[in-house]
1. For the structure I just gave you, tell me whether residue 168 is within 23 Å of the chain's Cα centre (by Cα) and buried (at least 18 other Cβ atoms within 10 Å of the Cβ).
2. Anything in region 355-405 that is over 15 Å from residue 305 (Cα atoms) and acidic (Asp, Glu)? List them, or say none.
3. Those residues that are outside any loop (DSSP other than H, G, I, E, B) and closer than 20 Å to residue 315 by Cα, I need them from region 353-397; list them, please.
4. Looking at region 465-484, is at least one residue farther than 30 Å from residue 151 by Cα, modelled with pLDDT of 95 or more and out of contact with any Ser or Thr (no Cβ under 7 Å at 6 or more places or on another chain)?
5. Residue by residue through region 286-306, note down the ones that are over 19 Å from residue 204 (Cα atoms), without any contact (Cβ under 8 Å) to a residue 60 or more places away in the chain and buried (at least 19 other Cβ atoms within 10 Å of the Cβ).
6. Can you name the residue in region 398-439 that is of a type in the set (Asp, Glu) and not in a strand (DSSP E or B) and, of all such residues, is surrounded by the most Cβ atoms within 10 Å (Cβ to Cβ)?
7. Kindly evaluate residue 146 against the criterion of being outside the structural domain of residue 201 (by TED's automatic domain parsing), in contact with an Asp or Glu (Cβ under 8 Å, 6 or more places away or on another chain), surrounded by 15 or more Cβ atoms within 10 Å (Cβ to Cβ) and touching a residue at least 12 places away in the same chain (Cβ under 8 Å).
8. With the checklist (1) at pLDDT 95 or above; (2) buried (at least 20 other Cβ atoms within 10 Å of the Cβ) in hand, flag the one item residue 309 doesn't pass.
Amino acid sequence: MNRSNLPTLSNRLLTSLAVIGCSFFSSAMADEKEASPVAATKVDYKTQIEPIFRQHCQGCHQPAKVEGGLILTDPRVMLEKGGDSGAVLVAGDAANSPLMKEIIPHEGKAEMPKDAPPLSDPDIDLIRRWINEGASVGNWAPPGPVYSAEVPPQYQSSPFITAIDYSPDGKWLAVSGFHEVLLLDANTKQLAKRLIGRSERIEDISFSSDGSRLAVAGGIPGMMGEVQLWDPASGELVRSWNLGGDTLYGVSWSPDGKLLSVGCADNSVRAFEVASGKQVVFSATHEDWALDTVFSLKGDHLLSVSRDRSMKLVHVETQRFVDNVTSITPGAQKGGLMSIDRHPSREEVACGGADSVPKIYKIFRDKQRQIGDDFNLIRAMPAMEGRVFEVQFNHDGSRLAAVSSNHRSGKLSIYQPDEGKEISTLAIPTGGLFAVSFSQDGSQVAAGGADGKLLIVDAASGSILQSIELAQIVQAASPPSKDAATN
């Protein structure tokens with residue numbers, strides 16, 4: 001604290017206490033029948049109602065997934081159009097509003113939210129008050145352009161590439177865009193589908209082991225986090241989870257495909273049942289943002305890395321913190337950890353972060369921790385330049401790819417992880433690299449970053465086979481329409 005400010009702070013504190021005291025005695029002298037300021041204030045849609053809809057309702061009622069013809073992401077549409085069955089609100093009359101009948105539980109169950117616990121009594125009461133007061137949305141306005149399959153984003157320049165993943169069957173290559181995931185034909189690199197959702201930031205994408213589902217972590221910075229679950233074959237949004245007030249990171253599948261995990265900006269790590277959306281793991285042992293997650297080989301443990309410089313291990317069934325996999329000695333880690341990936345056949349993980357060195361760790365400790373040890377460390381790879389943003393094993397674990405960013409330049413390195421040798425490298429002078437993924441056969445890697453170029457690289461030599469502007473891929477497949485919003 002700046003001690004020169006202490007007199008000013010003291011004066012402010014005394015003034016605040018005086019105001020509080022006056023308010024207290026004024027309230028005590030007021031007529032008990034007089035309405036309190038809280039009771040007299042109308043319910044505000046933007047700050048009180050929209051957060052409820054966002055968390056519990058908008059996953060199924062949004063432009064990408066219009067259940068029952070009802071959109072709840074835009075209150076103007078909700079009020080003017082309603083759903084397939086007509087109006088859902090009767091302004092001024094909550095008792096006769098169909099929405100209330102859907103959310104009020106009977107014998108402990110409610111029609112909505114679907115396949116989820118009912119809203120809390122305070123939330124229901126707040127919605128009831130809002131409707132009875134006229135269901136006004138005040139000066140509400142969408143935070144930006146509203147995108148959908150009918151009104152897709154159009155690119156004047158290519159967006160940063162923050163996430164890439166090849167499907168296990170080698171059919172698809174998924175690449176992050178703005179408000180969407182671009183699903184490309186893995187062979188031709190032509191655009192096949194645009195998976196457009198609510199999240200403007202796409203932080204991570206991951207195919208299920210059978211390739212039938214694509215999980216997406218992202219959100220709107222400072223507003224919401226979201227996990228999207230897509231059917232790549234149909235291009236349809238299967239499910240959406242809304243979580244917290246900031247973007248989500250590091251989405252990962254359990255080996256059996258039943259759970260999804262994410263890292264959160266509130267320092268927590270969470271996992272959900274894919275079928276029901278039920279949260280089954282909540283761990284808040286990190287001291288800073290959790291940026292990536294991965295399940296152990298058996299799926300009974302969940303690992304996470306964070307800006308707090310640690311890798312943590314949690315038991316899934318009990319949600320119990322088990323261990324710090326990396327050293328917890330101050331200064332042992334030179335910066336935050338940003339990425340983690342599990343070896344496909346061993347209980348080992350690779351990680352990378354601000355210290356520029358991809359490392360391999362065994363997951364489970366077989367020696368008692370001692371002060372200053374880093375016992376679980378198996379091997380460190382040759383250092384890269386700048387911050388390592390992503391590490392990924394190929395499908396048999398014989399190769400490890402890593403990408404980094406350093407002062408507007410990037411680097412891709414391919415290693416033999418068992419020997420700790422770098423076998424190929426590629427330097428990019430036009431921008432940092434943030435995402436990397438091996439092709440199904442391991443012969444190629446796809447990488448991308450700040451310059452918006454999708455790079456297809458020969459894994460053995462590090463030579464660029466293709467360099468493709470994301471904006472050009474989109475423009476070639478869908479010329480701008482007069483209704484399309486421009487990014």
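1. Here the answer is no, as residue 168 does not meet what is asked.
2. If the condition is that a residue be over 15 Å from residue 305 (Cα atoms) and acidic (Asp, Glu), then 366, 373, 374, 385, 396 are the ones that fit.
3. 361, 362
4. Within region 465-484, one or more residues are farther than 30 Å from residue 151 by Cα, modelled with pLDDT of 95 or more and out of contact with any Ser or Thr (no Cβ under 7 Å at 6 or more places or on another chain).
5. 286
6. The extreme case among them is 418.
7. yes
8. Just one mismatch for residue 309, condition (1).
The values are calculated or read from the model by the stated rules, or taken from the named source; none is laboratory data. In this text, all values refer to a predicted model and were calculated from it rather than measured experimentally. Every residue, glycine as well, gets a Cβ built from its backbone with ideal geometry; the counts of neighbours run over all protein chains shown.
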